[in-house]
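Below: one structure, written as structure tokens.
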Amino acid sequence: MLEEGRARCTLLADRIGSVATAQGQQLAVDETLCSSASVLFDAVIVPGGASSVDALAANGTAVHFVAEAFKHGKTICVIGDAVRLLESLGLGDPQAAVSAPGVIVGRNDPPSRPQLAQDFVAALARHRHWGRQQLDRVAA
């Protein structure tokens, strides 16, 4: 849906190569997290999957990337277990980041995907979400 609207989507990962989806599909990595900064992107989507989220949460570069995007008011979409990454940003109340303006939380099931995509595009159209609270507590 994003690419149909002429958005450029970039897949970031810890290293160049490919990453596997939960269904085993291989996706080509466009750039590495250590060679990109969130300020170069308009939005971030963090996919779900417990093992994927555990790997991201253990990667300081990934955590910094998401924290920086959050602090700069970028649209952020977290899917399924990825909500834990936002909850770890140190905003005091774990729900503070999850319920912040411009943060889209979705389930990882096919019936939810069209609505999730629409909500993400609507948030992205606002460009930045400056109404987020406690941004001075985000270390980015």
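Readers should treat all values here as calculations from the given coordinates under stated rules, not as data from a laboratory. Note that the structure is a prediction, hence the values are computed from the model and not measured. Every residue, glycine among them, receives a Cβ derived from its backbone with ideal geometry; neighbour counts consider all protein chains shown.
For this structure, a couple of remarks:
- Highest average packing first - 107-117, 74-84, 19-29, Cβ atoms within 10 Å: 74-84, 107-117, 19-29
- Structure-derived P(r) over Cα pairs in 10 Å bins from 0, in percent - corresponding label in (i) 11, 24, 20, 16, 13, 9, 6, 2, 0; (ii) 10, 36, 32, 15, 5, 1, 0; (iii) 12, 44, 38, 6: (iii)
- Most to least packed among 32-42, 58-68 [average Cβ atoms within 10 Å]: 58-68, 32-42
- Couplings for segment 123-140, taken from phi via the Karplus curve 6.51 cos²θ - 1.76 cosθ + 1.60 with θ = phi - 60°, read 5, 5, 5, 6, 6, 10, 10, 7, x, 6, 8, 6, 5, 5, 8, 8, 7, 8 Hz in order; Gly and Pro are left as x.
- Charge context of Leu33, other residues only, Cβ under 12 angstrom, K/R +1, D/E -1: -3
- Extreme residue, positive dipole direction of the chain, given options Ile104, Gly73, Leu12 (C-beta unit charges): Gly73
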